[in-house]
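For reference, the structure is listed below as structure tokens.
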Amino acid sequence: MKLARFIVPMVSALALSACAAGPDYVAPTPPATSSGPFLSAQAPAFAQAPVEQDWWRLYEDPVLDQLIADALAANTDVRGAVARLERARAALRGARSDRLPQTGLSAGADYGRLPAGQRPAGAPREDWSIDAGLSVSYEVDLFGRVSRGVEAARGDADAAAADAEAVRVAVVADTTRAYADAASGAAQLTVNREIVGLLDRLLDLTKRRQSAGLATSLDVARIATLRDQRAADIPRIEAQRQAALFRLATLTGRAPNALPEIAGKRAVGLEITQPIPVGDGTALLVRRPDVRAAERRLAADTARIGVATADLYPRISLGGSVGSTGNDIGSIFGAGPLRWLLGGLISWNFPNQEAARARIAGAEAQGKESLAVFDGAVLNALEETETALSNYGRALERRQSLKAARDSAEKAATITRAQQREGAIDSLQQLDTERTFAEAEAALALQDALVAQAQIDVFRALAGGWSSAA
């Protein structure tokens, strides 16, 4: 007991004087210019408001809402990311356990014969020998090896959590885009079929005029050529739409033939008519999971410098054991002989510390790399967002111009049809007008699809979140 009264104050004093080796982590500061509004977020397409939670609900499509829920629950990439997060959290629990005393139980039994000179008087020469014991050891974290290890493991777990969120952001965006591509494909098919139907009627009219001597076979051939060209676009669009549906099935964790039929029913492209809330640069960097993951890895690698530095100093462990040996169970747990032991252990790789210093240099180099990765993640996040915002704004402008062109072409086609029926113009003039209208109509339908894709790219760059309900 005198030894115990000496050891307890010593452990307390060591704990109070303990300090963690290596640098203390300080989060890097992003560039000051990243904190303001985005350069490309100009009204009326955008609003300076926080990014929406569950941003896909702005499309007000219950089918899309369900597909997103399915993707978050069953997507294979999400499942893999969650598994990696669980592994990182298990490693953190293991690192934290190093702060606790390590205990061990041992027991053994053997039967044997002792030499006559080693046998106590009156004891049998052959007998059982049973031994049981309990050992306890505790590393005094005097130089922070354990605490820095926990800090590094916590950074790894936080980075894995951010990685999992990044996967969810990507899966939500990809699922929405696949659904939008399928819907846009259906809309383009409708437009192209209407154009083909219109050209079929024009072809029939021209053939009748040919029979009446008012048109030539060349007029018929030209309109038939335009009709066939537009009809040839239909299989290509159908294939693209089918590929989008197959991609949607995979994203939601289904086989291609298991996608619900309702997922392909929408025949109108996705569109958000209200200004998109975009926030600012400061909120973006806090929200982007790739930036958070890079920052947490930097924190973990900084802590590993401390783990490596602690190897320059002695490692101190305190321990004790208690046990008993007897020839039966009763003598072990009864009044048999009891042994106990208390002590300490100091281990120190000295004076040859070149290996430890090499590990420190390696950890410091890894920290520099992680800082460079973080700075790159910040710049990449800003660049991606500005590019997505700019592309979306220009896509809206182009759509507006194409819509005006389509409206003008439709008006011109209506006029020429009436003139052609009255014989005021020839078939070649009408053909040119119909070709212009068909091209304008198809271009507008394609641009609607590109606007939807650019819109989704904006939300993906902004890393829009989701509520727990999703």
Does Thr103 qualify as being exposed (fewer than 14 other Cβ atoms within 10 Å of the Cβ), of a type in the set (S, T, N, Q) and either in a helix (DSSP H, G or I) or modelled with pLDDT under 95 (or both)?
yes
Can you find a residue that is charged (D, E, K, R), without any contact (Cβ under 8 Å) to a residue 24 or more places away in the chain and in contact with an Asp or Glu (Cβ under 9 Å, 6 or more places away or on another chain) anywhere in region 101-112?
yes
If you scan region 304-353, which residues turn out to be within 42 Å of the chain's Cα centre (by Cα) and among the charged types (D, E, K, R)?
Arg304, Asp311, Arg315
Only residues in region 40-68 that are of a type in the set (Val, Ile, Thr) count as the first member; pair them with residues that are loosely packed, with under 14 Cβ neighbours inside 10 Å, Cβ under 6 angstrom, at least 6 apart or cross-chain, and list the lot.
Val63/Ile262
Take Leu270 and decide whether it is touching a helix residue (DSSP H, G or I) at 6+ places or on another chain (Cβ under 9 Å), modelled with pLDDT of 95 or more and crowded, with 20+ Cβ neighbours inside 10 Å.
no
Residue list for region 185-242, restricted to those being hydrophobic (A, V, I, L, M, F, W, C) and under 16 Å from Gln420 (Cβ atoms):
Leu198, Leu199, Leu202, Leu203, Leu205, Ala212, Leu214, Ala215, Leu218, Val220, Ile223, Leu226
Of these, Ala442, Ala413, Ala404, Ala418, which one is at pLDDT 95 or above and not β-branched (Val, Ile, Thr)?
Ala404
Tabulated pairs, region 241-255, first in contact (Cβ under 8 Å) with a residue 24 or more places away in the chain, second part of a loop (DSSP other than H, G, I, E, B) and of a type outside the set (Phe, Trp, Tyr), C-beta under 8 angstrom, 6+ apart or interchain:
Leu245/Leu259; Leu248/Leu259; Leu251/Asn75; Thr252/Asn75; Thr252/Leu259; Gly253/Asn75
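Return the residue satisfying two criteria in turn: it lies in region 180-211 and is of a type in the set (D, E, K, R) and within 48 Å of the chain's Cα centre (by Cα), and of such residues it is modelled with the highest pLDDT.
Asp181
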With the structure loaded, tell me whether Val307 is in contact with a strand residue (DSSP E or B) (Cβ under 8 Å, 6 or more places away or on another chain) and either surrounded by 17 or more Cβ atoms within 10 Å (Cβ to Cβ) or over 30 Å from Arg57 (Cα atoms) (or both) or whether it fails that test.
no
With the structure loaded, tell me whether Val378 is touching a Lys or Arg at 6+ places or on another chain (Cβ under 9 Å), touching a residue at least 24 places away in the same chain (Cβ under 8 Å) and surrounded by 20 or more Cβ atoms within 10 Å (Cβ to Cβ) or whether it fails that test.
yes
I need the full set of residues from region 192-222 which are among the aliphatic types (A, V, I, L, M) and either crowded, with 22+ Cβ neighbours inside 10 Å or closer than 24 Å to Asp65 by Cα (or both), in order please.
Ile195, Leu199
Residue count for region 3-57, restricted to those that are assigned to a helix (DSSP H, G or I), at pLDDT 90 or above and among the aliphatic types (A, V, I, L, M)
0
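The rows are residues; the columns are (1) closer than 30 Å to Leu462 by Cβ; (2) modelled with pLDDT of 95 or more; (3) part of a loop (DSSP other than H, G, I, E, B).
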residue: Gly117; (1), (2), (3): no, no, no
residue: Pro124; (1), (2), (3): no, no, yes
residue: Trp128; (1), (2), (3): no, no, no
residue: Ser135; (1), (2), (3): no, no, no
residue: Glu139; (1), (2), (3): no, no, no
residue: Ala153; (1), (2), (3): no, yes, no
residue: Ala157; (1), (2), (3): yes, yes, no
residue: Asp174; (1), (2), (3): yes, yes, no
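The values are calculated or read from the model by the stated rules, or taken from the named source; none is laboratory data. Source: prediction; values computed, not measured. Backbone-built Cβ (ideal geometry, glycine too); neighbour counts: all protein chains shown.
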